[in-house]
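Asker: Structure incoming, see below.
Each value in this text was obtained by applying a stated rule to the coordinates, not by laboratory testing. The shown structure was predicted, so the numbers you read here are calculated from the model rather than taken from an experiment. Because the Cβ atoms are built from the backbone with ideal geometry, glycine has one as well, and the counts that use them run over all protein chains shown.
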Ligand SMILES: Nc1ncnc2c1ncn2[C@@H]1O[C@H](COP(=O)(O)OP(=O)(O)OP(=O)(O)O)[C@@H](O)[C@H]1O
Ligand SMILES: [Mg+2]
C-alpha cells in the first residue's frame with residue numbers, strides 16, 4: 001500500500017454535509033474491502049467539552065469512520081479554534097496556515113491505506129491559507145494520478161445554481177467529477193411547505209448537469225442511492241463506488 005488512491009469531497013458551501021458523506025464513503029469503501037483513511041487539510045471551529053477537552057468535530061467524526069485507530073494529527077495536521085475559514089482562524093490566534101503542509105500532510109497516510117477520502121473546507125473557493133483555496137489544493141492533487149471530486153449539495157432552494165457553479169469550476173479546471181450527492185439535510189420543520197423546491201431539485205440537477213452521476217442521501221441515513229448515472233456506465237451505487245475506485249475510467 002504505498003500511495004493511496006484519493007477521492008476529494010467538496011461541497012457547494014460550508015455545512016452541506018461534506019463530513020457526513022465523507023464518513024459514509026469511508027465506511028462503504030472499507031466494507032468493500034479497501035483499507036480507507038481520512039484527511040482534512042485544515043480544520044477550524046473547536047468545541048470545548050464540559051471537562052475542558054478541545055474537540056474538532058470533523059476530525060473526530062472522520063477518525064470514528066476509519067476502521068482502525070488513527071492519530072488525529074494524521075487526519076488533520078492543522079487545527080484552529082475560531083469558526084472561520086482556516087486562514088482567518090489561524091490569524092485569530094496569531095498563527096499562519098502552513099501552506100505546504102496542506103498537501104504534504106497527505107504523505108503521512110502513505111503505506112497506511114489503499115484509499116483516502118479527503119474532505120475540503122467550505123466550498124471550492126474557501127481560502128485555506130492566504131495563498132491557496134480548496135480548488136488550488138485539489139488542482140495540486142491531479143498529478144501524477146487524478147483525484148476525482150465528489151460534490152455534496154444540500155437540497156434547498158438555490159442548489160441548482162450553487163451546484164452548477166461548482167461543477168462548472170471543476171470542469172474548467174480539468175478536475176474529474178465522480179458524482180454529485182444531493183443531501184437531504186433539511187430538518188423536518190423545513191418541509192416542502194417552506195421550501196417547495198425540495199422535490200424538484202433532483203430532476204433539475206439531472207436536466208442541467210446530465211453528464212455527471214447524481215446520488216441521493218436521505219436525512220439521517222448512512223447510504224446513498226443512485227438517481228442518475230450520467231455519462232458513466234454505473235447502474236447502481238455499487239458500480240459508482242467501483243468507478244470511484246478506478247479513477248482512470250472517468
Ligand atoms: N444526510 C444527513 N442526515 C442527517 N444529518 C445530516 C446529514 N448530512 C449532514 N447532516 C448534519 O448536518 C450538519 C452539517 O453537516 P456536515 O458537518 O457534514 O457539513 P460540512 O459540509 O462537513 O460542514 P463544514 O463546512 O463545517 O465542514 C451536521 O450536524 C451533520 O450531522
Ligand atoms: Mg465538515
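Asker: Show that you can apply the helix-only estimate: for the chain, add -39,500 (n - 2.57) for every DSSP H stretch of four or more residues, divide by all residues, and state [θ] at 222 nm to the nearest 500. Present the calculation step by step, with values, prior to reporting the outcome.
Answerer: Numbers: 9 runs with 78 residues, N = 250.
Dividing the helical sum by the residues of the chain leaves -8500 deg cm²/dmol.
Asker: What do the square roots of 5 times the Cα gyration tensor eigenvalues come to for segment 177-226, in whole Å, largest first, as semi-axes of the equivalent ellipsoid? Present the calculation step by step, with values, prior to reporting the outcome.
Answerer: Details: eigenvalues 84, 44, 7 Å².
The equivalent ellipsoid of segment 177-226 has semi-axes of 20, 15, 6 Å.
Asker: Follow-up. Test of understanding: what is the full-extension gain from residue 3 to residue 200, defined as 0.36 nm times their sequence separation minus their Cα-Cα distance? Please report the intermediate quantities before stating the final value.
Answerer: Working: separation 197, 0.36 × 197 = 70.92 nm, distance 4.11 nm.
This chain segment gains 66.8 nm when fully extended.
Asker: Moving on to the next point. Please figure out what share of the DSSP beta bridges in the chain is antiparallel and state it in percent, rounded to the nearest 5. Mind showing how you got there, number by number?
Answerer: Working: 6 of 31 bridges.
Antiparallel bridges make up about 20 percent of those DSSP assigns within the chain.
Asker: Okay, next question. Under 14 Å from a point 7 Å along the Cα-to-Cβ line of residue 48: which residues of segment 81-121 have their amide N that close?
Answerer: 81-83
Asker: Pull out the extension gain between residue 98 and residue 145, defined as 0.36 nm times the separation in residues minus the alpha carbon to alpha carbon distance; nm, one decimal.
Answerer: My answer for the length gained is 14.5 nm.
Asker: Follow-up question, since we're still on this one. Would you mind checking segment 201-227 for residues with the amide N under 15 Å from a putative spin-label position 7 Å along Cα→C-beta of residue 31?
Answerer: 216-218, 220-226
Asker: Tell me, Kirkwood radius of the chain from alpha-carbon pair distances, in Å? Intermediate values should be presented prior to the final figure.
Answerer: Numbers: mean 1/r = 0.0546 Å⁻¹.
Here the Kirkwood hydrodynamic radius works out to 18.3 Å.
Asker: Over all alpha-carbon pairs in segment 107-183, figure out the percentage whose distance exceeds 20 Å. Each step should come with its number before you reach the end.
Answerer: Values: 1032 of 2926 pairs.
The answer is 35 percent, as a whole percent.
Asker: Could you rank the peptides 145-152, 55-62, 121-128, 90-97 by their average count of other C-beta atoms within 10 Å per residue, with the highest value first? Let's see the in-between values first.
Answerer: Values: 145-152: 22.6, 55-62: 18.2, 121-128: 20.9, 90-97: 14.5.
Answer by packing, highest mean first, reads 145-152, 121-128, 55-62, 90-97.
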